[in-house]
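This report refers to the structure that appears directly beneath it.
The values are calculated or read from the model by the stated rules, or taken from the named source; none is laboratory data. Model, not experiment: these values are computed from the prediction. Here the Cβ positions follow ideal geometry from the backbone for every residue, glycine too, while neighbour counts run over all protein chains shown.
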Amino acid sequence: MRATRLLPLAVLLAIFLFSSFIIPKFFRFSPKADQQINELYLENQSLKSRLTASLPEFRGDFKLAKVYSSYPFNDKNEIAINLGSADGIKESWLVVLGSDIVLGEVKKVFERYSLVRTIFDPEWRLAVRIGENKINALLEGGVEPSLTTIDKNKVIKEGDFIYAVAKGFPYGALIGKVQNISSSPSSIFQEASLALPYNFNNEIVEVKILTGYGL
């Protein structure tokens, strides 16, 4: 009788040990694998955006750069990267994630490092279009970047892709997706917040500096 009662406890203990120690040891993704999975996700989002807007696949040349940590601070307006003038980096070059997801542009270049202004800078402004109907909007930077000056008579919906159409940017470079849409009865425009395809909070460890691109 006692052996029968102990059997479930033994089974539970075995399950606990297996899930707590064996699975994490043999099946946990390495940081490199996590980065590769994230890269594939970003590439997938870029491709889906271009297919939706009937745009050709993006092709560009780039340099990989590591992002210096600002932990425990989280100033999203600006990041520092480990490439500078000695590596051929120039001001105003675009900084992306994945193949063409806009993060910012090179603001200031030093010999061994550079500063990048991101779309979270309150002064950031960029002409964009929304979805397959190519509806015009203005991306305004900030802690929570937003879309403004969207024609109230145009229909947009949550989940629509947002992409860059400003001169000096790769046409169709992905920004994110429409999230929350709002409008005021007294305004001729509607606005929307963004859902970005990445988590900025000290989790971006590598970016791409576009040195040339074509469609």
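Things worth noting here:
- Between Leu147, Leu97, the distinction of being touching a helix residue (DSSP H, G or I) at 6+ places or on another chain (Cβ under 8 Å), of a type in the set (A, V, I, L, M) and either crowded, with 19+ Cβ neighbours inside 10 Å or outside the structural domain of Val165 (by TED's automatic domain parsing) (or both) belongs to Leu97 only.
- Options Leu64, Leu51: the member that is of a type in the set (A, V, I, L, M), in contact (Cβ under 8 Å) with a residue 24 or more places away in the chain and not in a loop (DSSP other than H, G, I, E, B): Leu64
- Answer residue from the stretch 78-93, given it is without any contact (Cβ under 8 Å) to a residue 60 or more places away in the chain and either of a type in the set (Lys, Arg) or not in a strand (DSSP E or B) (or both) and is surrounded by the most Cβ atoms within 10 Å (Cβ to Cβ) among those: Gly84
- Scan of the stretch 203-215 for residues that are surrounded by 15 or more Cβ atoms within 10 Å (Cβ to Cβ) and modelled with pLDDT under 90, ordered by number: Ile204, Tyr213
Every residue, every condition in (1) of a type in the set (A, V, I, L, M, F, W, C); (2) modelled with pLDDT under 95; (3) touching a helix residue (DSSP H, G or I) at 6+ places or on another chain (Cβ under 8 Å), yes or no:
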site: Phe29; (1), (2), (3): yes, yes, yes
site: Lys48; (1), (2), (3): no, yes, no
site: Ser54; (1), (2), (3): no, yes, no
site: Ser70; (1), (2), (3): no, yes, no
site: Glu105; (1), (2), (3): no, no, no
site: Pro122; (1), (2), (3): no, no, no
site: Leu126; (1), (2), (3): yes, no, no
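- Tabulated pairs, the stretch 198-215, first assigned to a strand (DSSP E or B), second modelled with pLDDT under 75, C-beta under 8 angstrom, 6+ apart or interchain: Glu206/Gln35
- Filtered by the rule that a residue be under 22 Å from Ala192 (Cα atoms), of a type in the set (Lys, Arg) and part of a loop (DSSP other than H, G, I, E, B), the stretch 94-150 gives a lone residue, Lys134.
- Test for Glu140: is it without any contact (Cβ under 8 Å) to a residue 40 or more places away in the chain, under 17 Å from Glu123 (Cα atoms) and over 15 Å from the mean Cα position of the chain (by Cα): yes
- Meets criteria (buried (at least 18 other Cβ atoms within 10 Å of the Cβ) and among the hydrophobic types (A, V, I, L, M, F, W, C)) for Phe189: no
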